[in-house]
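For reference, the structure discussed in these notes is given below.
The values are calculated or read from the model by the stated rules, or taken from the named source; none is laboratory data. From a predicted model like this one, the values you see are computed outputs, not experimental measurements. Here the Cβ positions follow ideal geometry from the backbone for every residue, glycine too, while neighbour counts run over all protein chains shown.
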């Protein structure tokens, strides 16, 4: 196979890139690969998940957003007050230092999470039994409210009335708990 | 005594049970990543802080029991010899990453080795729970119950918006990685894996080799797991994975049937040649051994080879790994010595079967 850049030397560097399932293959000779920046050891050769991730975070300096970042850099200097992790360090390692980092960097991490989790930024799964507290009731309320809308649209008012009662009793429970906490 | 069991037995007790679709799915696993709310994550925490976590586990959970899981044993990495560490990694009871944390790393392992809680890995807590065959829902239910049991005594790092908080943003949300180990020789033989893997990737799932990230698919064994942990419920993630696995099972069965119909005698020849190699070779590399073991296991599943137990693939795949061979020899071995030992061990194991 010949190099697809210079079409002279044989291709010895094969690079496969998969982005959201779209596979692109690049076949180059070594000099062309150097030139194009496909050679790994140029970057220190460490190809860990952390480095891959921190690659994702560098979108801020991409041409799309560079217009803002030249005049206004809100992120550098951002530092978690609990563990001392800075945003720059987080970007470099791809790892958070403690639970509080999620709040410290809250405004920055949505785009990262979206990339890693197919567009999702909010948790939709299990809530801890003990620590979850009122969240369990809130989730249940949301579910019943959705159900109530459905029943009303289908004009099943008898069933809707029952659901409405359930919603009321849950709301009361929630209010009682909130009062208790204060 | 229990550490001896973890190290001497190649096959974990739970693996000896038969599970659904176990001709193709070797095991199902649920992993949950959890952290203490008020302690920095292991990458940044001090040795002192991590030592306290270890102490906490030793006080609260060592020698405790939960449901079917009798008597948890706390194995500290600092107490292990290099070969012993390697053995636990080969059995998937600890990760290579944890084995490197020689100061504060530990694992809380149930007697039947079905549950292993890694302590002070990338996250403070990583619960791993295994079931034989395709039993993802059951594994999820059990893992969740076990998680609740731990939570009675631990304040987890949890946030309404982001879910369970983890050191790496790739695990946040459910903190769950569900995975299955599949033996897919016919899909490899018919060169379908090359099409299957990109299709699976597109569905937000990952395909890897038997020893995780970056490892080769030794013995035609593939690990398939979810990539996304945020925004979907645990049940939905498991459901999506299961439906893909079921399609793969069907494809693999069809491919096996097709090869049998089209080139039955050639396949039979390949299988028995491999059986011959295993039964008679004097020097064998691990790559060749796993290829032959995969063939023999396929032969058993197709009914061509009888009197050999189905667990031979699972068992010998682990037993012929470098760590285990050295544990067996009770000394360090050079790669050449290992290849001789490996051949010897396989021959002995196959002789045992015939009697």
- Query: Counting just the residues of the range B:162-192 that are without any contact (Cβ under 8 Å) to a residue 60 or more places away in the chain and more than 10 Å from residue B:230 (Cβ to Cβ), which one comes out surrounded by the fewest Cβ atoms within 10 Å (Cβ to Cβ)?
  - Reply: B:191
- Note on the structure: Note on residue B:28: of the conditions (1) at pLDDT 95 or above; (2) within 14 Å of another protein chain (Cβ to nearest Cβ), unmet is (2)
- Just need a number here: residues in the range B:32-50 that are closer than 23 Å to residue B:144 by Cα and at the interface with chain A (Cβ under 7 Å from one of its Cβ atoms). 3
- Query: Does any residue of the range B:144-167 turn out to be at pLDDT 95 or above and either more than 14 Å from chain A (Cβ to nearest Cβ) or within 27 Å of residue B:218 (Cβ to Cβ) (or both)?
  - Reply: no
- Query: Got at least one residue in the range A:120-129 being more than 9 Å from every other protein chain (Cβ to nearest Cβ), out of contact with any helix residue (DSSP H, G or I) (no Cβ under 8 Å at 6 or more places or on another chain) and free of Cβ contacts under 8 Å to residues at least 60 places away in the same chain?
  - Reply: no
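Here is a yes/no grid of residues against (1) in contact (Cβ under 8 Å) with a residue 40 or more places away in the chain; (2) farther than 28 Å from residue B:140 by Cβ; (3) facing another protein chain (nearest Cβ under 8 Å):
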{"position": "A:102", "(1), (2), (3)": "no, no, yes"}
{"position": "A:113", "(1), (2), (3)": "no, no, yes"}
{"position": "A:117", "(1), (2), (3)": "no, no, yes"}
{"position": "A:131", "(1), (2), (3)": "no, no, yes"}
{"position": "A:134", "(1), (2), (3)": "yes, no, no"}
{"position": "A:152", "(1), (2), (3)": "no, yes, no"}
{"position": "A:164", "(1), (2), (3)": "no, yes, no"}
{"position": "A:171", "(1), (2), (3)": "no, yes, no"}
- Task: From the list B:257, B:321, B:327, B:262, pick out the single residue that is in contact with a helix residue (DSSP H, G or I) (Cβ under 9 Å, 6 or more places away or on another chain) and either without any contact (Cβ under 8 Å) to a residue 24 or more places away in the chain or farther than 26 Å from residue B:86 by Cα (or both).
- Result: B:257
